[in-house]
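Take a look at the structure set out below.
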Amino acid sequence: MSTSSHLEPPVAFPPGPSLEPEAIENRVAEELARIPFIDMHTHLFSPALGELGLWGIDELVTYHYLEAELFRSSSVTPEEYWAMPKRSQADLIWRTLFVENAPVSEATRGVVAVLRAFGLPTGGPNLNEAREYFAGRKLEDHIDHVFRLAGISEAVMTNDPLDPVEGPLWESGARGNRKFHPVLRLDRVLNKWTDHWRVLAAKGYSVDAEASGESIAEVRRFLADWRLRMQPVYMAVSLPDTFQYPEESIRGRLLKEAVVPACREFDIPLSLMIGVRYQVNPALRLAGDGVGKADLRALERLCVEFPSNRFLASLLSRENQHELCVYARKFRNLMPFGCWWFLNNPSVVEEITRERLEMLGTSFIPQHSDARVLEQVIYKWKNTRRTLTPVLANSYRLLMEDGRAVTQADIHHDITRLFRTNFEAWARLK
Ligand code: FIX
Ligand code: ZN
């Protein structure tokens with residue numbers, strides 16, 4: 001048994017000068033800073049989709065994450081809050097969460113980071129100066145500036161063809177662009193068929209309440225029509241913690257016979273975002289959803305039954321993360337992505353990303369912003385870079401300790417793979 005002194009010196013690939021251990025963290029930080037990321041799941045909209053796109057200080061401060069935090073620190077009732085105009089809502093949140101209390105939560109600190117990025121006061125008693133600044137911004141220029149500050153080259157949208165406002169915009173010619181990739185979001189079709197089959201029927205698709213007869217074929221036609229119109233980079237659906245597959249339900253049949261086959265025909269992934277307990281507190285509206293541990297055998301059976309499909313998967317429960325890594329090791333057509341929603345906090349992001357690196361190498365997508373307001377990408381990606389720098393550096397230091405040199409080219413390649421090429425390959429963007 002040879003000892004380490006007889007081993008050949010470690011060989012770096014690709015060739016290049018080996019880094020010293022103490023230099024690793026700085027090189028990782030440099031590469032994270034200079035490689036533009038693809039933000040592969042957001043609720044942002046291209047300017048062509050008009051008012052749907054949220055931006056500016058009042059939208060930032062009334063983010064549903066902050067509304068949930070407001071009700072814990074203010075005596076205002078949800079009913080009183082919803083009756084207030086947007087600016088009054090923002091003033092109340094600012095006073096409560098940023099003035100009367102230090103903004104130490106992830107979502108409040110994020111607003112501080114955004115204000116700082118624009119050189120605006122972060123500790124003032126009101127939002128007057130911020131409102132004046134944003135009022136003077138031209139949206140297209142502002143988007144370019146925000147993307148540069150965030151270090152992203154493009155954002156992937158969430159587009160709902162059955163949304164009564166968004167659908168007609170697409171039908172009258174709205175399109176994505178090189179900065180905003182469309183996604184065909186199917187929650188209303190898959191999760192709320194009872195409420196929406198009539199909308200499909202009104203658009204000329206021969207469907208019925210039971211999704212019987214030619215309904216499945218007509219949903220396939222609906223998907224083909226929207227694939228042509230929208231050119232989505234993937235299809236997506238959010239699913240409850242109780243999601244099962246196979247399932248004797250309309251959702252189970254639509255997935256098996258329409259949506260998954262259509263994704264395979266169009267050669268695009270299906271994104272499954274599993275683990276939501278919808279509206280556990282309806283009074284909080286968008287902030288009223290909770291989380292539940294899902295049964296990942298549903299994911300297992302989809303991967304087994306459809307080996308030619310590519311699946312993106314993000315799980316909302318922290319308790320599902322390790323098993324998601326195990327399933328990703330079993331199924332090469334399963335791509336874990338992001339630290340979703342309640343998981344997008346440094347303490348949890350660190351844990352999830354470390355176990356992914358340990359079990360998957362760099363064959364996963366570490367993060368998405370889920371941004372609903374344009375400027376949120378600034379803080380969400382700043383936090384991702386800050387949290388992942390030591391995590392990635394640790395992986396390289398362990399590698400060096402165990403006998404393999406690490407070069408700047410290694411780090412550049414790996415970060416490019418994690419934040420760009422894994423998604424580009426999965427969505428056939430390249
Ligand atoms: O289903 C989703 O895309 C979720 O991300 C949203 O519904 C959720 O409200 C959110 O924005 C979480 O960050
Ligand atoms: Zn989302």
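Annotations
- When +1 charges are put on Lys and Arg Cβ atoms and -1 charges on Asp and Glu Cβ atoms, the dipole computed for the range 55-152 relative to its Cα centre reaches about 220 debye.
- Inter-centroid distance (Cα atoms) of the range 339-367 relative to the range 237-284, Å: 23
- Gain on full stretching of the segment that runs from residue 358 to residue 280 - 0.36 nm per residue minus C-alpha separation: 24.6 nm
- Radius 15 Å from Cβ of residue 400, net charge of other residues (Lys, Arg +1; Asp, Glu -1): -4
- Charge dipole (debye, nearest 20) of the range 335-430; +1 at Cβ of Lys and Arg, -1 at Cβ of Asp and Glu: 360
- Gain on full extension, evaluated as 0.36 nm per residue between residue 208 and residue 297 minus their Cα-Cα distance, stands at 29.0 nm.
- Scattering profile of the range 276-392 at q = 0.13, 0.15, 0.18, 0.22 Å⁻¹ [log10 I(q)/I(0), Debye over alpha-carbon scatterers]: -0.55, -0.73, -0.99, -1.27
- Label-point separation, residue 117 to residue 30 (7 Å along Cα→Cβ), nm: 2.4
- For the chain, averaging the sequence separation of C-alpha pairs within contact (under 8 Å, six or more residues apart) and dividing by the residue count gives a relative contact order of 23 percent.
- Kirkwood hydrodynamic radius over Cα pairs of the chain, then Stokes diffusion coefficient at 25 °C and 0.890 mPa s, in µm²/s: 106
- Neighbour counts of other Cβ atoms within 10 Å put 263, 303 in the fewest-to-most order 303, 263.
- The range 219-307 shape via C-alpha gyration tensor axes, a/c threshold 1.5: oblate
- Segment residue 231..residue 342, full-extension length gain: 37.0 nm, with 0.36 nm per residue of separation and the alpha-carbon distance subtracted.
- For the range 61-135: Kirkwood Rh in Å [reciprocal of mean 1/r, alpha carbons]: 12.6
- Percent of beta bridges antiparallel (DSSP, the chain, rounded to nearest 5): 15
- Under a 5 Å amide H cut-off, with hydrogens placed 1.01 Å from N, residue 180 pairs with 155 among residues at least 5 apart or on other chains.
- When the chain is treated as a GNM with alpha-carbon contacts under 10 Å, the residue of 178, 227, 301 showing the greatest mean-square fluctuation is 178.
- Scanning residues 5 or more positions from residue 290 or on other chains, those with amide H under 5 Å from its amide H are 277, 278, 279, 280, with H placed 1.01 Å from N in the peptide plane.
- A Förster radius of 35 Å, combined with the Cβ-Cβ distance separating residue 99 from residue 165, puts the computed FRET efficiency at roughly 0.55.
- For the peptides 372-378, 423-429, 345-351, the ranking by mean Cβ contacts within 10 Å, running from highest to lowest, is 372-378, 423-429, 345-351.
- Applying 1/(1 + (r/R0)^6) with R0 = 60 Å to the Cβ-Cβ distance of residue 141 and residue 224 gives a FRET efficiency near 0.95.
- Counted charge near residue 56, where neighbours are those whose Cβ lies closer than 15 Å (Asp, Glu -1; Lys, Arg +1): -3
- Each Lys and Arg adds +1 at its Cβ and each Asp and Glu adds -1 at its Cβ; summed about the Cα centre, the chain shows a dipole of about 600 debye.
- Dipole-positive endmost among 362, 347, 403 within the range 331-404 (Cβ charges, Cα centre): 362
- With Cα atoms defining each centre, the range 21-43 and the range 76-113 are spaced 31 Å apart in the structure.
Bear in mind that the values in this text are calculations on the coordinates, not laboratory data. Predicted, not measured: the structure shown is a model, and the values here were computed from it. As a convention, Cβ positions derive from the backbone with ideal geometry for all residues, glycine included, and neighbour counts pool all protein chains shown.
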